[in-house]
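Colleague: Sharing a structure with you now.
The values are calculated or read from the model by the stated rules, or taken from the named source; none is laboratory data. In this text the structure is predicted, and so the values were computed from the model without any measurement. We place every Cβ from the backbone using ideal geometry, glycine too, and count neighbours over all the protein chains shown.
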Amino acid sequence: MTSPDPHRTLAAVWRLESARIVATLARTVRDIGLAEELAQDTMVIALERWPVDGVPDHPASWLMATAKHRAIDALRRQSTYQQKLHEVGRATPPSVDPDIAAGLDDYVGDDLLRLIFTTCHPVLPPEARVALTLRLLGGLSTDQIARAYLVPEATIGKRITRAKRTLAERRIPIELPPPAEASDRLASVLEVIYLIFNEGYAATAGDDWMRPALCNEALRLGRLLAGLAPAEPEVHGLVALMELQASRTAARTAADGSPILLQDQDRRRWDRLLIRRGLAALARTEGTFGPYALQAAIAACHARAARAEDTDWTHIAELYDLLAHVSPSPIVELNRAVAVANAGRPAEGLAIAGGVDLPQYALLSAVRGDLLARLGRDGEARQEFERAAAMTRNARERQLFTARAQELSP
Amino acid sequence: MRYLILLKGNRPATPPPPELMGAIAKLGEEASAAGALLDTAGLSPSSAGARVGLYGGRLSVTDGPFAEAKETISYAVYQVRDKEEAVEWANRFLRLHRDLWPEWEGEADVLKVMGPEDFTAPA
């Protein structure tokens, strides 16, 4: 029997607690950069003390208490400094919050929510929101983020520094958005989480393991957000969508690394636990028609079909009709075309695909080709597949489209 | 990566104190909200179960209780970044027992569930 190794314990507890610690500090000192510094100080103190004194009985509480002491010290120094400035007549009198210590005991969940609304603030460019959120809420190191995004560590470091500076310079308060902005600001948070998820989902075999790990980071953030803002149906919609998409991870890549299309996946390899969680999250969106809830509902139709041929395409086509209404985009139209065709209405699907404006998009030609072939219009179908093969930059796709073209009589 | 945590221990003559049950519920809530706890449930005593065996080519079914000194009390499935995180969740669970039910003794097995990372060559 061995007692826990303090360094390993600290590393794990830190990863689990750092977001809560930074969030509490950020509210107290009202500055994200300073909050992160104080959190780092806390980590250093633990690194010094734990190997000597042993791992505390309650490591997480120890870290939080130590961080709070650091915050109070920092605020005292600040107010002393301001007091001195005031004495020499160069600043306004200090406003010392008498409830600092009491305020530190507030429910930490609200702090996390304030922090995520700040790191996802629209004043920051999307890539900065992503990096700052992964750093402060995901507890990822700059190096880990850089490896996940296949860019040099210095790039991520600069991105985070610049983001913190922008938030400070623009005097962005660390608070929940005012009601008038709430829905746009929430959309920005959801977008950041889904961007992180999709980056991980786009990882290919041979990539650094940090890339697919982004899917789990995004899921963690989504589940966290669902606990913090349970009244927001789109949060549950996003969580449902991610759980359901993640449930296919093991089935969507062949041994040689090539992607396997949904209809060809071995559905026995889908993760039943994630599907169950996804369907449970989806149930919490019932009666709502936000874009994430609708996409999750579509993913759920696939999850419920034990075999590809059991898929309820009629329902999927209806859901795409709704999605095209609330969140129109050429990609949604293209998917709607496929769904309508699969629901037994290929001519209608072809008409929808005909209205899609996606110049130089190989998949659009491939879809048109497929629908034309189903309607027996082989010559036109062949032309579309040839066009698709000429347009794609992916060798495997080109092979596939050329083969389809050759099967069809000119 | 995913870990299955199996809690095993003695079943003291006294029932678990309500404070412990409350603290366990709160920890479960926290772990779920953190996105780490995917699934969990308590297990009835093995007297309510059975064991199906295969030895020497013969299938056998034996009703519980099992002869082991320790009973398996609960399971939990965690999604974590590494083994240490799973160990920390197990630690938190056992700390509650230490603080709130001193008569209890036992252990938590932290078992890795095989995942995609076990099948692909590291980059």
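Colleague: Quick one: in segment B:1-27, which of the residues that are in a strand (DSSP E or B) and among the basic types (K, R) is surrounded by the most Cβ atoms within 10 Å (Cβ to Cβ)?
Modeller: Among them, the one singled out is B:R2.
Colleague: Under 7 Å between Cβ atoms, which residue pairs at least 6 apart in sequence (or on different chains) link something in segment A:173-184 that is in contact (Cβ under 8 Å) with a residue 60 or more places away in the chain and within 24 Å of A:G33 (Cα to Cα) with a partner that is assigned to a loop (DSSP other than H, G, I, E, B) and charged (D, E, K, R)?
Modeller: Partner pairs satisfying both residue conditions: A:I174/A:R30.
Colleague: Restricting to segment B:28-41, what's the tally of residues that are buried (at least 17 other Cβ atoms within 10 Å of the Cβ), hydrophobic (A, V, I, L, M, F, W, C) and not in a helix (DSSP H, G or I)?
Modeller: 4
Colleague: Pairs under 7 Å by beta carbon, first residue of a type in the set (S, T, N, Q) in segment B:11-29, partner at pLDDT 90 or above and exposed (fewer than 15 other Cβ atoms within 10 Å of the Cβ), six or more apart or different chains?
Modeller: Within 7 Å, the pairs are B:T14/B:E103.
Colleague: Now, a different point. Could you list all residues from segment A:266-283 that are surrounded by 15 or more Cβ atoms within 10 Å (Cβ to Cβ) and more than 14 Å from every other protein chain (Cβ to nearest Cβ)?
Modeller: Those that are surrounded by 15 or more Cβ atoms within 10 Å (Cβ to Cβ) and more than 14 Å from every other protein chain (Cβ to nearest Cβ): A:R267, A:L282.
Colleague: While we're looking at this one, here's another question. Among what's in segment B:56-106 and is part of a helix (DSSP H, G or I), more than 9 Å from chain A (Cβ to nearest Cβ) and under 17 Å from the mean Cα position of the chain (by Cα), pick the residue that is farthest from B:A23 (Cα to Cα).
Modeller: The selected residue is B:A90.
Colleague: Looking at segment B:56-73, is at least one residue surrounded by 16 or more Cβ atoms within 10 Å (Cβ to Cβ) and not hydrophobic (A, V, I, L, M, F, W, C)?
Modeller: For segment B:56-73, residues surrounded by 16 or more Cβ atoms within 10 Å (Cβ to Cβ) and not hydrophobic (A, V, I, L, M, F, W, C): present.
Colleague: Out of the residues in segment A:208-245 that are free of Cβ contacts under 8 Å to residues at least 40 places away in the same chain and buried (at least 17 other Cβ atoms within 10 Å of the Cβ), which is nearest to A:I275 (Cα to Cα)?
Modeller: Among them, the one singled out is A:E243.
Colleague: List the pairs whose first member sits in segment A:154-165 and is more than 11 Å from A:E127 (Cα to Cα), whose second member is among the small types (G, A, S) and assigned to a helix (DSSP H, G or I), and whose Cβ atoms are under 6 Å apart, counting only residues at least 6 apart or on separate chains?
Modeller: A:K164/A:G33
Colleague: Hey, another quick one. For segment A:1-29, give me each residue that is surrounded by fewer than 17 Cβ atoms within 10 Å (Cβ to Cβ) and either of a type in the set (S, T, Y) or more than 14 Å from chain B (Cβ to nearest Cβ) (or both).
Modeller: Once the filter is applied, which keeps residues that are surrounded by fewer than 17 Cβ atoms within 10 Å (Cβ to Cβ) and either of a type in the set (S, T, Y) or more than 14 Å from chain B (Cβ to nearest Cβ) (or both), segment A:1-29 yields A:T2, A:S3.
Okay, residues lined up against (1) within 14 Å of chain B (Cβ to nearest Cβ); (2) among the charged types (D, E, K, R); (3) closer than 17 Å to A:E243 by Cβ; (4) in contact with a Gly (Cβ under 8 Å, 6 or more places away or on another chain):
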site: A:P178; (1), (2), (3), (4): no, no, no, no
site: A:E181; (1), (2), (3), (4): no, yes, no, no
site: A:D184; (1), (2), (3), (4): no, yes, no, no
site: A:A187; (1), (2), (3), (4): no, no, no, no
site: A:N198; (1), (2), (3), (4): no, no, yes, no
site: A:Y201; (1), (2), (3), (4): yes, no, yes, no
site: A:G222; (1), (2), (3), (4): yes, no, yes, yes
site: A:G227; (1), (2), (3), (4): yes, no, yes, yes
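Colleague: If B:E117 meets every condition in (1) over 22 Å from A:L221 (Cβ atoms); (2) at pLDDT below 95 apart from one, which number is that one?
Modeller: Every condition holds for B:E117 apart from (1).
Colleague: Name every residue in segment A:290-306 that is modelled with pLDDT of 95 or more and either in contact with a strand residue (DSSP E or B) (Cβ under 6 Å, 6 or more places away or on another chain) or part of a loop (DSSP other than H, G, I, E, B) (or both), in order of residue number.
Modeller: The answer is A:G290, A:A305.
Colleague: I'd like to check something: does segment B:21-41 contain any residue that is at pLDDT below 95, more than 30 Å from A:L228 (Cβ to Cβ) and more than 12 Å from the chain's Cα centre (by Cα)?
Modeller: No, segment B:21-41 contains no residue that is at pLDDT below 95, more than 30 Å from A:L228 (Cβ to Cβ) and more than 12 Å from the chain's Cα centre (by Cα).
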